[in-house]
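*Asks:* The structure's right below; bear with me while I get my questions together.
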Amino acid sequence: QKEVEQNSGPLSVPEGAIASLNCTYSDRGSQSFFWYRQYSGKSPELIMFIYSNGDKEDGRFTAQLNKASQYVSLLIRDSQPSDSATYLCAVNNFGNEKLTFGTGTRLTIIP
Amino acid sequence: GAVVSQHPSRVICKSGTSVKIECRSLDFQATTMFWYRQFPKQSLMLMATSNEGSKATYEQGVEKDKFLINHASLTLSTLTVTSAHPEDSSFYICSARVAGFENTQYFGPGTRLTVL
């Protein structure tokens, strides 16, 4: 079982709709969770992080964390073509500086 | 957010030469930096963790004598690919960790290495 799992996609969403990206993790000791966006040929860019159960909103993005179920999700409201990218979920475990990355979900917003 | 730069952004070299890549944290001090490699259409692969003032910690399977890492200051880490070969051609990306329990990492823009 992979430590951090994401559906590789591609996930196609119409422009203006809500895109929902999911991530599950195996280590219950995980303490902080990150979403990065990576455009083709570019490096990852931090969208947001979350460490408490519940929702965290930043503009059109909402991260949701459920530690009991060991999943974290990212919702993108009013999806735009510029949101088309690969979204990486990353998890940090207590006492470890490293992040464990999922393989990413490729999102395509259809105009 | 914190800014991390990398230089050069792109390098083409002949087989057998060495290439140095610099990673700088521009507006914060980073005691820890990370070096990743990413092949086309594949996920990020952590190569090593670079700590200021100490030896880097390499991931399993990464040759420490081939990928030399130096983290001489709180804002600069370098990766030297020694005796590069075509199979070393890849996208090399550094990140810097911002102090805090979240362990947030900010990535540099990456260096695309092509070895002929």
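*Asks:* Do any cysteines in chain B lack another Cys Cβ under 4.7 Å, and if so which?
*Replies:* Taking the Cβ cut-off of 4.7 Å, the unpaired cysteines of chain B are B:13.
*Asks:* Tell me the relative contact order for the stretch A:48-111 as a rounded percent, counting alpha carbon contacts under 8 Å between residues six or more apart.
*Replies:* Numbers: 92 pairs, mean separation 14.8, N = 64.
It rounds to 23 percent for the stretch A:48-111.
*Asks:* To the nearest 20 debye, what is the magnitude of the charge dipole of the protein assembly as shown about its Cα centre, counting +1 on the Cβ of each Lys and Arg and -1 on the Cβ of each Asp and Glu?
*Replies:* On the way: 21 positive and 20 negative charges, 86 e Å.
The calculated dipole for the protein assembly as shown is roughly 420 debye.
*Asks:* Output wanted: per-residue J couplings in Hz (rounded whole) for the stretch A:32-45, from phi through Karplus 6.51 cos²θ - 1.76 cosθ + 1.60, θ = phi - 60°, x for Gly and Pro.
*Replies:* Residue by residue, the stretch A:32-45 yields 9, 9, 10, 10, 10, 10, 10, 7, 4, x, 10, 8, x, 10 Hz.
*Asks:* Still on this structure: Would you look at the GNM of chain A, springs on alpha carbons closer than 10 Å, and say which of A:69, A:26, A:79 moves the most?
*Replies:* Result for chain A, Cα springs under 10 Å: A:69 fluctuates most.
*Asks:* While we're looking at this one, here's another question. Can you tell me which of A:13, A:91, A:72 moves the most in a GNM of chain A? Springs connect C-alpha atoms under 10 Å apart.
*Replies:* A:13
*Asks:* Once you put a point 7 Å from the Cα of residue B:63 and another 7 Å from the Cα of residue B:45, both along the Cβ direction, what distance in nm separates them?
*Replies:* 1.3 nm
*Asks:* First select every other residue whose beta carbon is under 14 angstrom from the beta carbon of residue A:37; then total the charges, Lys and Arg +1, Asp and Glu -1.
*Replies:* Working: positive: A:42, A:60, A:106; negative: A:45, A:58, A:83.
Cβ neighbours under 14 Å give a net charge of 0.
*Asks:* Quick check: Cα centre of the stretch A:33-108 to Cα centre of the stretch B:55-87, how many Å?
*Replies:* Cα centroid of the stretch A:33-108 versus Cα centroid of the stretch B:55-87: 28 Å apart.
*Asks:* Shifting gears a bit: Count neighbours as other Cβ atoms within 10 Å of each site's Cβ, and list the GluC sites (Glu not before Pro) in the stretch A:1-89 that are DSSP loop with at most 16 such neighbours. Before the final figure, lay out each step's value.
*Replies:* Values: sites: A:3, A:5, A:15, A:45, A:57; in loops: A:3, A:15.
Here the sparse-neighbourhood loop sites are A:3, A:15.
*Asks:* Which log10 I(q)/I(0) values does the stretch A:4-111 give at q = 0.18 Å⁻¹ under the Debye formula, counting every alpha carbon as one identical point scatterer?
*Replies:* Debye output, listed in q order: -0.82.
*Asks:* Would you report the distance distribution of C-alpha pairs in the stretch B:19-102 as whole percents per 5 angstrom bin, up to the bin with the largest distance?
*Replies:* Histogram of Cα-Cα distances, whole percents per bin: 3, 15, 26, 26, 17, 9, 3, 0.
*Asks:* Express the relative contact order of chain B as a whole percentage, based on alpha carbon pairs under 8 Å and six or more residues apart in sequence.
*Replies:* This gives 36 percent for chain B.
*Asks:* When only Cα pairs under 8 Å and 6 or more residues apart are kept, what is the percent relative contact order across chain A? Numbers along the way, then the final one.
*Replies:* On the way: 278 pairs, mean separation 42.1, N = 111.
Averaging sequence separation for qualifying contacts and normalising by length gives 38 percent for chain A.
*Asks:* Run the simple label-point estimate for residue A:108 and residue B:20 please: 7 Å along Cα→C-beta, distance reported in nm.
*Replies:* Rounded to a tenth, the inter-label distance reads 4.4 nm.
*Asks:* Still on this model: Given points 7 Å out from each Cα along the Cα-Cβ axis, report the residue B:74 to residue A:26 separation in nanometres with one decimal.
*Replies:* According to this spin-label approximation, the distance is 3.8 nm.
*Asks:* Here is a follow-up. Please list, or write none, the lysines whose alpha carbon is within less than 17 Å of the alpha carbon of residue A:42, excluding same-chain residues fewer than 8 places away.
*Replies:* Once the sequence-local lysines are set aside, what remains near residue A:42 is B:41.
*Asks:* Let me ask you something else. Let me see the P(r) profile for the protein assembly as shown: every Cα-Cα distance counted, bins of 5 Å, each bin given as a percent of all pairs.
*Replies:* 1, 7, 14, 18, 19, 16, 12, 8, 4, 1, 0
*Asks:* For a label point 7 Å from the Cα of residue A:17 along Cα→C-beta, name the residues of the stretch A:82-111 whose backbone N is under 19 Å from it.
*Replies:* A:82-87, A:105-111
*Asks:* Here is a follow-up. Counting other Cβ atoms within 10 Å, keep those with at most 12, restrict to DSSP loop, and tell me which trypsin sites (Lys or Arg not before Pro) in the stretch B:1-102 are left.
*Replies:* Working: sites: B:10, B:14, B:20, B:24, B:37, B:41, B:55, B:64, B:66, B:97; in loops: B:14, B:41, B:55, B:64, B:66.
Here the trypsin sites (Lys or Arg not before Pro) that fit, given the DSSP loop and packing criteria, are B:14, B:41, B:55.
*Asks:* Counting Lys and Arg as +1 and Asp and Glu as -1, each charge on the Cβ, what is the dipole of chain B about the Cα centre in debye, to the nearest 20? Mind dumping the intermediate values first?
*Replies:* Working: 11 positive and 9 negative charges, 56 e Å.
The calculated dipole for chain B is roughly 260 debye.
Since every read-out is calculated from the coordinates, none of them should be taken as a lab result. It should be emphasised that the depicted structure is a prediction, and the values quoted were computed from it without experimental measurement. Backbone-built Cβ (ideal geometry, glycine too); neighbour counts: all protein chains shown.
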